[in-house]
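The values are calculated or read from the model by the stated rules, or taken from the named source; none is laboratory data. The shown structure was predicted, so the numbers you read here are calculated from the model rather than taken from an experiment. No Cβ is skipped: glycine too gets one built from the backbone with ideal geometry, and neighbour counts run over all protein chains shown.
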Amino acid sequence: MNPVLRICALRVEAPNAQVLVDNVDITLAQGEVLGLIGESGAGKSTIGLAALGYARGRCRITGGEVWLAGENILGATPKRQRALRATKVAYVAQSAAAAFNPALTIGEQVCEGPVRHGLMGRDEARTWARELFASLDLPDPDTFGRRYPHQVSGGQLQRAMVAMAMSCKPEILVLDEPTTALDVTTQIEVLVVLRRIVREFGAAALYITHDLAVVAQVADRIMVLRGGRMVEEGSTDAVLNAPRDDYTRRLVAERSAADTLRASPAHAAEPLLSIEGLNAGYHGKAIVRNIALQLARGETLALVGESGSGKSTVARAIVGLIEQQSGTLRFDGKPLPHRLTERSRELKRRIQLVYQSPDVALNPMHSVGEIIGRPVEFYFGIHKDKIRERVLELLCLTELPETLIDQKPAELSGGQKQRVCIARALAAQPDLMICDEVTSALDPLVADGILSLLESLQKRIGLSYLFITHDLGTVRRIAQRVAVMLRGEIIAQGATADVFNAPSHAYIKRLLSSVPELRIGWLDENLLQSERPAESNTLTGELKYAAQQ
Amino acid sequence: MKRLVLQRVLAGVLTLWLVSVLIFVGTELLPGDVASAILGQSATPETVAALRASLGLDHPALQRYGLWLLHFLHGDLGTSLTNGRPVSEDLLPRLYNTLFLAGYAALVAVPLSVLVGIASAIWQDSLFDRAASVLSLASVSMPEFFVGYVLLLLLAVKFPVLPSLAAVSPDMAFSERLYATTLPTLTLLFVVAAHMLRTTRASVLAVMGSAYTETAILKGLPKSWIVVRHALPNALAPIINAVSFNLAYLIVGVIMVEVVFVYPGVGQLMVDAVSKRDLPVVQACGMLFATAYVGLNTVSDVLAVWANPRLRHAR
Amino acid sequence: MKVFGKEVPMSAAIGMLLVAVIAMASLCASLIAPHGETETVGDVWMMPGAGHWLGTDSIGRDMFSRLLYGGRTTLGLALAITLISFSLGIVTGFAAAVLGRKVDQVLSRIVDTLMAMPVLIFALMILSVLGTSMPVLIGTIAILDSTRVFRLARLVAQGIAVQEYVEAARLRGEGLAWIIRREILPNAVPPLLAEFGMRFGFTILFVAGLSFLGLGIQPPYADWGGMVRDNAQVINFGGIAPLVPAAAIALLTIGINLIVDWLLSVRAVGQAGVIA
């Protein structure tokens, strides 16, 4: 059978002549889903866009061919390229909020494609849009199109984007991280709907993501990319269960580790941090209510919740940054003043905060040495010559090369920057380190490295961590105890094994069941078990056009 | 949205009131005795006292302000110190002249600069764009009097096409008036249009670089459609902002231009009054210009709210 | 092309050349000028010729020399004003950004009120009361102009103050002075530099404009705006005398704007774009 998409020897370069995609070949059969896996910078999005004959910004496609519908879109005239886009191959972006025009209604933008390409009349397009909305489980499909993008939720907008892509009934869909920007529980809903639509339409798809477990649920084949090159390719089963390449093996190992508990069980110790009845908020509005936490020395307590649950607020309350807070805070047996200004320098030193995004957590005008050296100088008043020695020690402790000491943050990689942030926190020799989503912005393998570092530091120095995250895999990996937050309150707290294996609250059950496991068929099992609506066949016969091409 | 509009209008009124206070403070309450400053050489204790009494400077400041504002709102703009006539008598005909000049310039400048600005953004880096950028940069850097005198030299002296003195009288025919004011309008146009062009171009470029523009490209839509249906509706708010923000230049520029071409407008009047220390006239002219400025800004704020799709269709 | 080792587009290089030439010439006015500032050397309004490269003015003084001295006066005044307004604007802008909401509210209200009128109108009113002496000129323009700098400085400082590295310094317990000096200031330089250029350009136009209206620097001192005013009549007879100083103003400002445009495009610096 003829492949619907054939990419040969694709080569894409950045404006500074850096090679983004190097000699990549892809073949896609009708109705087949190919997962493109890789870390950031691997070139997956670039390949996805190249399938439409497009390169972002000033990047250029300098080599190769992209064959679809019997034509090489790279060699076609601009007019022909435009004709092929959306009609033969459509793109679904990562962020729906950015992809939709705020000045036009959703319906206008969904119907625009088929009408402008001459495929349908206005009314026909509107009817078709309504059917798409219904099959994507969007509320009030008849009137949904009249709303503006800012009037609907993130998950709904993402599905609307899928509708927009399907509006011209393309043979090929390029899905660029379609669920990455969403909350875990929303992700799963969109994933279900996506898979259903792709199957019903018989469309071929390139599914781009960095999450192996997600791709395991939707893809027939997987291609692993690294540095713009193909590393491995094969059926989903083969790649996940019998990976040939070392890089692939590491990716698989890291992801499957997230499914199993690894943190060593907690040992009883006196509490280092104890919180009772904490209420905190801004401008008279309470964001978190009645928080009670206990953290023992040398232990890691994870604080888990989705966006808006208030976990960051708890962290900020502990360091004293919230204007209005009440309740009891005790640190090392003594009361902890609520406000930062009321705390002694010693107290400030003993509790350190590490941020999520190292790009904004490090002053771009300071060198690494200055950044790490400042706390040393500030807290311990050490003489200038000794500071450099100490900084080198800290670099060594965080597994960073000594040469970094005079470099500026812009010259470092994401993982290195985060280690510098950790080194800066360590320079104060704290008792408690609050890690606020410190691995969320990093690639899986890099994040794994950071987590290993944190674990080893805990074993060597006896650091205690309050680890804030939304990722359950990380919790299993690193936390002995966990507290789950929902809408400003803690709904469960205890040893990780207890909380996860015997969930006490419906939300926790839902949370746990929303995170895909690295197992083909997990999604189907999950749908059968849970209360989620099963894949319904709301499409009429007319819409299944798979066989006619 | 109505609530936001009302807010903006109220803010405008409040600002105007604050400005009146500012003007009053700026002219009547500053250190240095106003009366002796006005009398200059001929200041003797008696004459100063007499002037102070006649100007009502003995009364408490708040009372003077209240009276002044009250009179102003009733159209009584005080009496000129230089010729003893009521200020409104001299001001009104000149007001018409200035408005004519400003309106003439604005009517040409706004469509011209917006269209060229949009075109420049669409064909970025083309010859057209580069030429427009160079010209507009030069224009905003040149003082109005430079442009004015160059145009005067070229179009009124070397090749006498237009009159050098913009002499207008109340009983002129409309077309005659247009002819007489073309040169000053052209001068005004240069600087104001250039500012508007640059800001418009920057706004449209910003909109064209957004993610939804890329989505439209990936949908295979033609460029003209993308510009008209996707980019412009979003560029509307920043363009409106740019235009009204820069129309403020018109207010300032008109003063310069009136002096260059000896045009009998409010600007010319104000400058003369300043050099002669004719305070009532200065106050009246100042209030007039300030009202125009605040009014323009308020209208621009309101239009910006209307043009913003997120504010027009709230959640 | 390269200037001091940094890549610079042709336009910015031309701008730098213009500014450098004019600034240098004005600085060395007393060394280069062939005649004195107030010395009469020939007939009135002579066209450019042997002894007077740019002709003579309304009472027979050498235009070229007057131009050089005028440049010194205009540039010197504009620089003084810009430095004062810039310092004032930065101090108040930073204060508003880092000293908390109340300070911010108060300062912003004051600035908003001062900005409710165009600078020219406001300046005209104050000059009508206080006269046109040098200190009044400098003070008035500097204070009014500082409001624009305030807006930008506040925006820039706010943008930096919310970055996490500033919060990290606060958490450490660093004092305010240290945070401003070592965390905020180094990152604020690029946008502020562009703003300085813009204010300088505006001030030159403004000072020249006031002098042209007869309300700025008083004769017999040469300053470009005043020179335009003095020689304005001859334009009706085809003389070019007023165009000479006016062109000097234009060239200098063009040069400054070329540099500012480049600075603004290079680092995608804050386009708060507060003009006039």
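Mind telling me which of the residues B:Thr215, B:Thr298 ends up being β-branched (Val, Ile, Thr), crowded, with 19+ Cβ neighbours inside 10 Å and at the interface with another protein chain (Cβ under 8 Å from one of its Cβ atoms)? Give the steps one after another, and end with the answer.
Values: B:Thr298 fails: at the interface with another protein chain (Cβ under 8 Å from one of its Cβ atoms).
So the residue among B:Thr215, B:Thr298 that is β-branched (Val, Ile, Thr), crowded, with 19+ Cβ neighbours inside 10 Å and at the interface with another protein chain (Cβ under 8 Å from one of its Cβ atoms) is B:Thr215.
Of the residues B:Thr182, B:Thr200, which is closer than 23 Å to B:Tyr249 by Cα, crowded, with 24+ Cβ neighbours inside 10 Å and either in contact with a Pro (Cβ under 8 Å, 6 or more places away or on another chain) or modelled with pLDDT of 80 or more (or both)?
B:Thr200
Here's the yes/no breakdown for (1) β-branched (Val, Ile, Thr); (2) within 12 Å of another protein chain (Cβ to nearest Cβ); (3) surrounded by fewer than 19 Cβ atoms within 10 Å (Cβ to Cβ); (4) in contact (Cβ under 8 Å) with a residue 60 or more places away in the chain:
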position	(1), (2), (3), (4)
B:Leu188	no, no, no, yes
B:Ala194	no, yes, no, yes
B:Val207	yes, yes, no, no
B:Ile240	yes, no, no, yes
B:Ser244	no, no, no, no
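Run down A:Gly31, A:Gly48 and say which single residue is under 28 Å from A:Thr87 (Cβ atoms), part of a loop (DSSP other than H, G, I, E, B) and small (Gly, Ala, Ser). Before you say what the answer is, go through the steps one by one.
Working: A:Gly48 fails: part of a loop (DSSP other than H, G, I, E, B).
Unique residue meeting the criteria: A:Gly31.
If you take the residues in the range A:64-76 that are farther than 16 Å from A:Met230 by Cα and without any contact (Cβ under 8 Å) to a residue 60 or more places away in the chain, which one is surrounded by the fewest Cβ atoms within 10 Å (Cβ to Cβ)? Break it down into steps so the answer makes sense when it comes.
Going through the range A:64-76, the residues farther than 16 Å from A:Met230 by Cα turn out to be A:65-76.
Pick out the ones that are also without any contact (Cβ under 8 Å) to a residue 60 or more places away in the chain and you get A:65, A:70-76.
Numbers: A:Glu65: 15, A:Gly70: 7, A:Glu71: 17, A:Asn72: 14, A:Ile73: 24, A:Leu74: 17, A:Gly75: 12, A:Ala76: 15.
So the residue we want is A:Gly70.
Tell me, please, whether a residue that is in contact with a Phe, Trp or Tyr (Cβ under 6 Å, 6 or more places away or on another chain) and under 21 Å from C:Phe64 (Cβ atoms) can be found in the range C:254-261.
No, the range C:254-261 has no match at all.
In the range B:271-295, what count of residues is obtained for those that are facing chain C (nearest Cβ under 7 Å) and in contact with a Leu (Cβ under 6 Å, 6 or more places away or on another chain)?
Of the residues in the range B:271-295, 3 are facing chain C (nearest Cβ under 7 Å) and in contact with a Leu (Cβ under 6 Å, 6 or more places away or on another chain).
Could you please find all residues in the range C:120-142 being at the interface with chain B (Cβ under 10 Å from one of its Cβ atoms), touching a residue at least 40 places away in the same chain (Cβ under 8 Å) and not in a loop (DSSP other than H, G, I, E, B)?
C:Leu120, C:Ala123, C:Leu124, C:Leu127
What number of residues within the range C:238-259 satisfy the criterion of being among the aliphatic types (A, V, I, L, M) and over 17 Å from the mean Cα position of the chain (by Cα)?
Step one: filter the range C:238-259 for residues among the aliphatic types (A, V, I, L, M), giving C:240-241, C:243-244, C:246-252, C:254, C:256, C:258-259.
Going one step further and asking which of them are over 17 Å from the mean Cα position of the chain (by Cα), we end up with C:240-241, C:243-244.
Count: 4.
Is it the case, given these coordinates, that C:Gly255 is modelled with pLDDT of 90 or more, closer than 18 Å to C:Ala12 by Cβ and at the interface with chain B (Cβ under 10 Å from one of its Cβ atoms)? It would help to see each step written out before you state the result.
On the way: modelled with pLDDT of 90 or more: yes; closer than 18 Å to C:Ala12 by Cβ: yes; at the interface with chain B (Cβ under 10 Å from one of its Cβ atoms): yes.
Here the answer is yes, as C:Gly255 does meet what is asked.
Say whether the condition of being closer than 30 Å to B:Thr298 by Cα, modelled with pLDDT of 75 or more and surrounded by 12 or more Cβ atoms within 10 Å (Cβ to Cβ) is met by at least one residue in the range B:25-36.
Checking the range B:25-36: at least one residue is closer than 30 Å to B:Thr298 by Cα, modelled with pLDDT of 75 or more and surrounded by 12 or more Cβ atoms within 10 Å (Cβ to Cβ).
In the range A:165-181, what residues are buried (at least 20 other Cβ atoms within 10 Å of the Cβ) and hydrophobic (A, V, I, L, M, F, W, C)?
Correct list: A:Ala165, A:Met166, A:Cys168, A:Ile172, A:Leu173, A:Val174, A:Leu175.
If I ask for residues that are part of a loop (DSSP other than H, G, I, E, B) and either touching a strand residue (DSSP E or B) at 6+ places or on another chain (Cβ under 8 Å) or among the aromatic types (Phe, Trp, Tyr) (or both), which ones from the range A:81-94 would you list? Steps first, answer last, please.
Residues of the range A:81-94 part of a loop (DSSP other than H, G, I, E, B): A:86-88, A:93-94.
Passing the criteria: A:Lys88, A:Ala93, A:Gln94.
What pairs come out if I take residues in the range B:51-79 that are over 14 Å from B:Pro280 (Cα atoms) and pair them with residues that are aliphatic (A, V, I, L, M) and at pLDDT 75 or above whose C-beta lies under 9 Å away, six or more apart or interchain?
B:His59/B:Leu67; B:Ala61/B:Val25
Quick one: A:Val360 ticks every box in (1) of a type outside the set (Gly, Ala, Ser); (2) over 31 Å from the mean Cα position of the chain (by Cα); (3) surrounded by fewer than 21 Cβ atoms within 10 Å (Cβ to Cβ) except a single one, so which number is it?
The failed condition is (2).
Would you confirm whether or not the range C:72-94 contains a residue that is touching a helix residue (DSSP H, G or I) at 6+ places or on another chain (Cβ under 9 Å) and in a loop (DSSP other than H, G, I, E, B)? I'd like the intermediate steps shown before the answer.
Just the residues of the range C:72-94 that are touching a helix residue (DSSP H, G or I) at 6+ places or on another chain (Cβ under 9 Å), to begin with: C:72-94.
Filter once more, keeping what is in a loop (DSSP other than H, G, I, E, B): none.
Scanning the range C:72-94, I find no residue that is touching a helix residue (DSSP H, G or I) at 6+ places or on another chain (Cβ under 9 Å) and in a loop (DSSP other than H, G, I, E, B), so the answer is no.
Grab the helices (runs of 4 or more DSSP H) fully contained in the range A:147-249, keeping just those with 3 or more residues being more than 14 Å from chain B (Cβ to nearest Cβ), touching a helix residue (DSSP H, G or I) at 6+ places or on another chain (Cβ under 7 Å) and closer than 17 Å to A:Leu36 by Cα.
Details: elements: A:154-166, A:184-201, A:212-218, A:236-241.
Where helices (runs of 4 or more DSSP H) fall fully within the range A:147-249 and carry at least 3 residues being more than 14 Å from chain B (Cβ to nearest Cβ), touching a helix residue (DSSP H, G or I) at 6+ places or on another chain (Cβ under 7 Å) and closer than 17 Å to A:Leu36 by Cα, they are A:184-201, A:212-218, A:236-241.
Rundown of residues vs (1) touching a residue at least 60 places away in the same chain (Cβ under 8 Å); (2) at positive phi, yes/no style:
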{"position": "A:Gly277", "(1), (2)": "no, yes"}
{"position": "A:Ala280", "(1), (2)": "no, no"}
{"position": "A:Val288", "(1), (2)": "yes, no"}
{"position": "A:Leu303", "(1), (2)": "yes, no"}
{"position": "A:Glu306", "(1), (2)": "yes, no"}
{"position": "A:Lys311", "(1), (2)": "yes, no"}
{"position": "A:Arg330", "(1), (2)": "no, no"}
{"position": "A:Leu347", "(1), (2)": "no, no"}
{"position": "A:Gln356", "(1), (2)": "yes, no"}
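Quick grid of which residues meet (1) of a type in the set (A, V, I, L, M, F, W, C); (2) in a loop (DSSP other than H, G, I, E, B):
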residue	(1), (2)
A:Leu10	yes, no
A:Leu20	yes, no
A:Thr27	no, no
A:Glu39	no, yes
A:Leu52	yes, yes
A:Arg58	no, yes
A:Ile61	yes, no
A:Ala76	yes, yes
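Tell me, please, whether a residue that is crowded, with 22+ Cβ neighbours inside 10 Å, farther than 30 Å from A:Val110 by Cα and within 11 Å of another protein chain (Cβ to nearest Cβ) can be found in the range B:220-234.
The answer is no, given that none of the residues of the range B:220-234 is crowded, with 22+ Cβ neighbours inside 10 Å, farther than 30 Å from A:Val110 by Cα and within 11 Å of another protein chain (Cβ to nearest Cβ).
Please indicate, with yes or no, whether at least one residue in the range A:35-58 is surrounded by 17 or more Cβ atoms within 10 Å (Cβ to Cβ), in contact (Cβ under 8 Å) with a residue 40 or more places away in the chain, touching a Leu at 6+ places or on another chain (Cβ under 8 Å) and aromatic (Phe, Trp, Tyr).
No, the range A:35-58 has no match at all.
Could you check, for the range B:221-231, whether at least one of its residues is among the β-branched types (Val, Ile, Thr) and touching a residue at least 24 places away in the same chain (Cβ under 8 Å)?
Quick first cut of the range B:221-231, residues among the β-branched types (Val, Ile, Thr) only: B:226-228.
Then keep just the ones that are touching a residue at least 24 places away in the same chain (Cβ under 8 Å); that gives B:227.
So far as the range B:221-231 goes, yes, one or more of its residues are among the β-branched types (Val, Ile, Thr) and touching a residue at least 24 places away in the same chain (Cβ under 8 Å).
Name, by its number, the condition in (1) of a type in the set (Gly, Ala, Ser); (2) assigned to a helix (DSSP H, G or I); (3) at pLDDT below 80 that does not hold for C:Ala268.
The number of the failed condition is (2).
Quick one: in the range A:95-123, which of the residues that are part of a loop (DSSP other than H, G, I, E, B) and buried (at least 21 other Cβ atoms within 10 Å of the Cβ) is farthest from the other protein chains (Cβ to nearest Cβ)? Break it down stepwise before answering.
Taking the range A:95-123 and keeping what is part of a loop (DSSP other than H, G, I, E, B), we get A:95, A:100-105, A:117-121.
Restricting the remaining residues to those that are buried (at least 21 other Cβ atoms within 10 Å of the Cβ) gives A:100-101, A:103.
Numbers: A:Phe100: 6, A:Asn101: 4, A:Ala103: 4 Å.
Out of the qualifying residues, it is A:Phe100.
Residue by residue through the range B:148-179, note down the ones that are among the small types (Gly, Ala, Ser) and within 14 Å of another protein chain (Cβ to nearest Cβ).
Initial filter on the range B:148-179 (among the small types (Gly, Ala, Ser)): B:148, B:156, B:164, B:166-167, B:169, B:173, B:175.
B:Gly148, B:Ala156, B:Ser164, B:Ala166, B:Ala167, listed by residue number.
Working only within the range A:377-423, note down all residues that are within 12 Å of another protein chain (Cβ to nearest Cβ) and within 27 Å of A:Ala447 (Cβ to Cβ).
Quick first cut of the range A:377-423, residues within 12 Å of another protein chain (Cβ to nearest Cβ) only: A:377-379, A:408-409, A:417, A:420-421.
Hits for the range A:377-423 are A:Lys408, A:Pro409, A:Lys417, A:Val420, A:Cys421.
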